[in-house]
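Since the structure comes first, as structure tokens, the remarks are kept for the end.
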Amino acid sequence: MNHLKALEAQSVFILREAYREFKQLVMLWSIGKDSTVLLWLARKAFFGHVPIPLMHIDTTYKVPSMIEYRDRLARGWGLNLIFGRNDAALAEKRTFPDGTATRLQCCATLKSEALKKTLSGEWPRWIVDPKTGQYIRTDGGEPFTGVIVGVRADEEGSRSKERYFSPRDQHNEWDVADQPPELWSYFKTDFAPGTHVRVHPLLDWTELNIWEYIEAENIPVISLYFDQGDGQRYRSLGCAPCTKPVASTAKNVRAIIEELRTGKFANIAERGGREQDKEDGQGLETLRRDGYM
């Protein structure tokens, strides 16, 4: 078994364990390459069907083509897609750059707070109608306490502190120092009632692994990752005001793989284009302790 197949088998195992152990389960889909690979793995784990609802947190600041890609894939693959949104923060302009917030404050309100309140069912959810492709608002709903997330340990410092099954408290807050050991592929899944659990099937994948797997499986990813002729592409996707493209002439997956293996990005952190990471000395850890993805 080659390395990619071993990673795939481990991720499929984690997905099936999560589905077996946690009844109030949802999978986050950011529309980026990692969570799209995770979605592909879920289809493999469950024989072409995804029995877990997907959730996207819509800040309204995404590049429009990201939302178009989300809706097109949801229709084409018959996904049970939900999105949540912090309408109050948007109305009150507690946002960046066109409001009163810093980048980190904007992330905290439009992402962390929206995620927690949408997971709990306290805030409205918009659920796709599989027949029309339109989103229907629903108020309330069963809380989700198991959350599958496509984070990787190599992506950013705080994520290297995660576990495959990483507990949060009932408010989705993360105690970094209180994480269960995961030795010899033994995973703790029996948590106390009220515990929220983040599940990370891609934890041991690298950015290079992700692109190699995308190439091997021919996974459809959004075109923003490729140079469209202006010598730029996105390496990591987030909200438009806080995510900058990188200089690159990679027009396809093979060219990106070469950049990561021996080229200009071989030893450069992936999230270098995320401006909010630079506002806080601890990077994303401040946000992640409070429930960020």
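If you go through region 256-268 and keep only what is assigned to a loop (DSSP other than H, G, I, E, B) and either touching a Phe, Trp or Tyr at 6+ places or on another chain (Cβ under 9 Å) or surrounded by fewer than 17 Cβ atoms within 10 Å (Cβ to Cβ) (or both), you end up with T262, G263, K264, A266, N267, I268. The residue list A177, A192 contains one member that is farther than 22 Å from F22 by Cβ, assigned by TED's automatic domain parsing to the domain that holds K33 and modelled with pLDDT under 90, which is A177. Filtered by the rule that a residue be of a type in the set (D, E) and either surrounded by 21 or more Cβ atoms within 10 Å (Cβ to Cβ) or more than 21 Å from L39 (Cβ to Cβ) (or both), region 213-243 gives D227, D230.
Considering region 71-106, and only residues there that are at pLDDT below 95 and of a type in the set (K, R), the residue that is surrounded by the most Cβ atoms within 10 Å (Cβ to Cβ) turns out to be R103. When the residues of region 214-237 are filtered to those that are assigned to a loop (DSSP other than H, G, I, E, B) and touching a residue at least 60 places away in the same chain (Cβ under 8 Å), the one that is nearest to M66 (Cα to Cα) is I222.
Hey, which of the helices (runs of 4 or more DSSP H) in region 76-172, taking only ones fully inside, have at least 2 residues that are among the aliphatic types (A, V, I, L, M)? It comes to 87-91, 114-120. Would you confirm whether or not region 121-133 contains a residue that is out of contact with any strand residue (DSSP E or B) (no Cβ under 7 Å at 6 or more places or on another chain), at pLDDT 95 or above and among the hydrophobic types (A, V, I, L, M, F, W, C)? Taking every residue of region 121-133 in turn, none turns out to be out of contact with any strand residue (DSSP E or B) (no Cβ under 7 Å at 6 or more places or on another chain), at pLDDT 95 or above and among the hydrophobic types (A, V, I, L, M, F, W, C).
Considering V246, V253, the condition of being surrounded by 14 or more Cβ atoms within 10 Å (Cβ to Cβ) and at pLDDT 95 or above is satisfied by V253 alone. Whenever a residue of region 86-107 is farther than 13 Å from C242 by Cβ, its partners that are small (G, A, S), lying with C-beta atoms within less than 6 angstrom and at least six residues away or across chains, give the pairs N86/A114; K93/G99; R94/A101.
The set of residues from region 269-283 being assigned to a loop (DSSP other than H, G, I, E, B) and at pLDDT below 55 comprises E279, D280, G281, Q282, G283.
Taken over region 189-212, the criterion of being surrounded by 15 or more Cβ atoms within 10 Å (Cβ to Cβ), of a type outside the set (S, T, Y) and part of a loop (DSSP other than H, G, I, E, B) is satisfied by F191, H200, P201, L202, L203, D204, W205.
The values are calculated or read from the model by the stated rules, or taken from the named source; none is laboratory data. Just so you know, these numbers come straight off a predicted model, no measurement behind them. Neighbour counts run over all protein chains shown; Cβ positions are idealised from the backbone, glycine included.
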